[in-house]
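Beneath this line is the structure, given in structure tokens, with notes to follow.
Just so you know, all these numbers are worked out from the coordinates, no wet-lab data involved. Note that the coordinates shown come from a computational prediction; the quantities given were computed from them, not determined experimentally. Neighbour counts run over all protein chains shown; Cβ positions are idealised from the backbone, glycine included.
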Ligand code: PPS
């Protein structure tokens, strides 16, 4: 095991779950005993569900929509995902005066145990699995870190399997929703709800975090977290394959509902629907997922 993986290539399988290679072998265990503070906010999602959007919403709400405070908070919060390399240690040493806003794609079974005792708050965002797939594929294709998934058709096949990077959509989302949807310290939103009612979701999140905002502050949060404002300032650099080196990519791509229609073939769509109907049968989650607006 390398202490600090240099490139974002392949996966790191730990106890049967395919983590990103940025996750070290002992991190899942460490995460379970991670010490929680009462004002902690975890933004948890399956990849490409709107993690960065949700984190930006939380950050803006905590900062009352004040751009200066948001910038300061952005600079002082450790970057990146909780599970990457030693980010969780950085959060351990984080200032006490500010709430920690931590995003992660960790599966439910390695969540810090204290969350189950009602400590901290979890904003869990779900996105319909077809748009998640297309967004995920574009992400992988551009960054070239999983060669076998570079063609859409091979990615599609992998997306249906449980050894997919970050597990498959059903294995990841269903247990979270089924086990925790009625817990007081969890709020479940969907990407599509956030698109359809951005302002309403800002109010729901601020209520959930017990951080009431004025009408004017709500409007500022909506403005600061719109697709265009976020696209103007969000990009991230990745260390790619050695021969390519480091490259910077925009974090935001299209930001729409229904982009899957540009990629799924009719046959893939029929196959996916059959699997979806079988996996989601009788689940409460099915009522929340929409594929178009
Ligand atoms: S990651 O890499 O898993 O953390 O990606 P994640 O942030 O979860 O999801 C990326 C997708 O979210 C879209 N996005 C937004 N949509 C609407 N409004 C805002 N403000 C916004 N911010 C991020 C982003 O464009 C990715 O979706 P696609 O479909 O690829 O455009």
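Take 84, 272 and order them by how many other Cβ atoms sit within 10 Å, fewest up front. Least crowded to most crowded, the residues run 272, 84. As a proxy for reagent exposure, 139, 264 were ordered by neighbouring Cβ count within 10 angstrom, fewest first; the result is 139, 264. Pair-distance distribution P(r) for segment 4-68, from all Cα-Cα distances in 10 Å bins starting at 0: 17, 33, 36, 14, 1 percent. Taking packing as the residue-averaged number of other Cβ atoms within 10 angstrom, the listed peptides 92-98, 32-38, 121-127 run from highest to lowest as 121-127, 32-38, 92-98. Among 16, 50, 258, the residue with the largest mean-square fluctuation in a Gaussian network model of the chain, with springs joining Cα atoms closer than 10 Å, is 16. Sequence-distant contacts, meaning Cα pairs under 8 Å at least 6 residues apart, place the relative contact order of the chain at 23 percent. Let a ≥ b ≥ c be the square roots of the eigenvalues of the Cα gyration tensor of segment 153-203; is it rounded (a/c under 1.5), or, if not, prolate (a/b larger than b/c) or oblate? The shape class here is oblate. Report summary: the helix-based calculation at 222 nm, which adds -39500 (n - 2.57) for every DSSP H run with n ≥ 4 and divides by the residues of the chain, gives -12000 deg cm²/dmol. Working from the Cα coordinates of segment 39-150, the gyration tensor eigenvalues give, after taking √(5λ), semi-axes of 26, 17, 15 Å in decreasing order. Note on the chain: percent of Cα-Cα distances in each 5 Å bin, starting at 0 and stopping at the bin with the largest distance, equals 1, 5, 12, 16, 19, 18, 15, 9, 4, 1, 0.
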